[in-house]
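The values are calculated or read from the model by the stated rules, or taken from the named source; none is laboratory data. Predicted model only: the values in this text are computed from it and were never measured. Note that we place each Cβ from the backbone using ideal geometry, even for glycine, and neighbour counts take in every protein chain shown.
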Number of protein chains: 2
Amino acid sequence: MRHFEDFYVGQTFRTPSVTLTLEAVLQFAGQYDPQPMHLDTDPGATGPLGPLSASGWHTACAVMRLMVDADIMDGAPMLGLGVDGLRWPNPVRPHDTIAAELEVVSTRVSGSKPTHGVVGMKVTARNQHGEIVLAMQPNLWIPRRP
Amino acid sequence: MRHFEDFYVGQTFRTPSVTLTLEAVLQFAGQYDPQPMHLDTDPGATGPLGPLSASGWHTACAVMRLMVDADIMDGAPMLGLGVDGLRWPNPVRPHDTIAAELEVVSTRVSGSKPTHGVVGMKVTARNQHGEIVLAMQPNLWIPRRP
């Protein structure tokens, strides 16, 4: 298991990739973001994002899954304190394949609980064309080495 | 349909409520955040959040659904440019019921596309005990009145 001391500014990780199928896009939108721009499969649909796109929350959840699969904690829990700067610079379309890069941008021992530390990461997810589809800066809560 | 001009700082909205069933918590976690703290139903489980809790991304998606159901755009698309300050101050447990309050905290005409405006909102979701389970500040992209 990795501890706080195993992370350093500049460290990077890569996740595996995932393809968002049309079925998955529609299922997610139906459950959590039922708006026409995420549900209307008519090729002539002209929503604010153009043709059918995945919910941005679907993209975020898919990236979370990729981060779990990347196992950067080496078996320890990956516990997020919060996320800043969540952005969706480009829409995800059905059949797009996305993968993420993670970079450690800050590390600090917790002031309130010195047995733990906070690791700030910059997450950048891209589609198969290299376009950024999601960016965010999560802060992870990580035990220090005993 | 509501336009940019229909929003003003201090305006508030309330969403309906939703109960996160154990089945939904496990299904979401299995798909998007498969970590023991979100999957282990053993009452003696001692993860970093105590007994079984919902993924924070599940809470975020449930709140998104409540915002869509609240229909604050009155039929127009609710398009998020991004989210700042996403926090989960308290965990959501299976069977918890959550609802959100939305408050407009900023409004500005887009500099790059003056046909649109950006409305900043503060979203606060609470459980049935009044405890805050999610806070975030999304920015919505909204057409101006023609």
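Observations
- Within segment A:35-50, at least one residue is in contact with an Asp or Glu (Cβ under 8 Å, 6 or more places away or on another chain) and under 20 Å from B:Met73 (Cα atoms).
- Scanning segment B:41-65 for residues that are hydrophobic (A, V, I, L, M, F, W, C) and either crowded, with 20+ Cβ neighbours inside 10 Å or within 8 Å of another protein chain (Cβ to nearest Cβ) (or both) turns up B:Leu49, B:Leu52, B:Ala54, B:Trp57, B:Ala60, B:Cys61, B:Ala62, B:Val63, B:Met64.
- Residue in segment B:44-58 that is among the small types (Gly, Ala, Ser), in contact with a helix residue (DSSP H, G or I) (Cβ under 9 Å, 6 or more places away or on another chain) and under 21 Å from A:Gln35 (Cβ atoms) present: no
- Number of the condition not met by A:Arg144 [criteria: (1) basic (Lys, Arg); (2) surrounded by fewer than 17 Cβ atoms within 10 Å (Cβ to Cβ); (3) away from every other protein chain (no Cβ under 14 Å)]: (3)
- A:Val133 being within 13 Å of chain B (Cβ to nearest Cβ), at pLDDT 95 or above, in contact with a Lys or Arg (Cβ under 9 Å, 6 or more places away or on another chain) and within 16 Å of A:Ala54 (Cβ to Cβ): yes
- Qualifying positions in segment B:106-122 - surrounded by 15 or more Cβ atoms within 10 Å (Cβ to Cβ), in a strand (DSSP E or B) and out of contact with any Ser or Thr (no Cβ under 9 Å at 6 or more places or on another chain): B:Thr107, B:Lys122
- Count - residues of segment A:68-97 that are more than 9 Å from chain B (Cβ to nearest Cβ), closer than 21 Å to B:Gly56 by Cα and at pLDDT 95 or above: 1
- Filter result for B:Ala24 (buried (at least 21 other Cβ atoms within 10 Å of the Cβ) and part of a helix (DSSP H, G or I)): no
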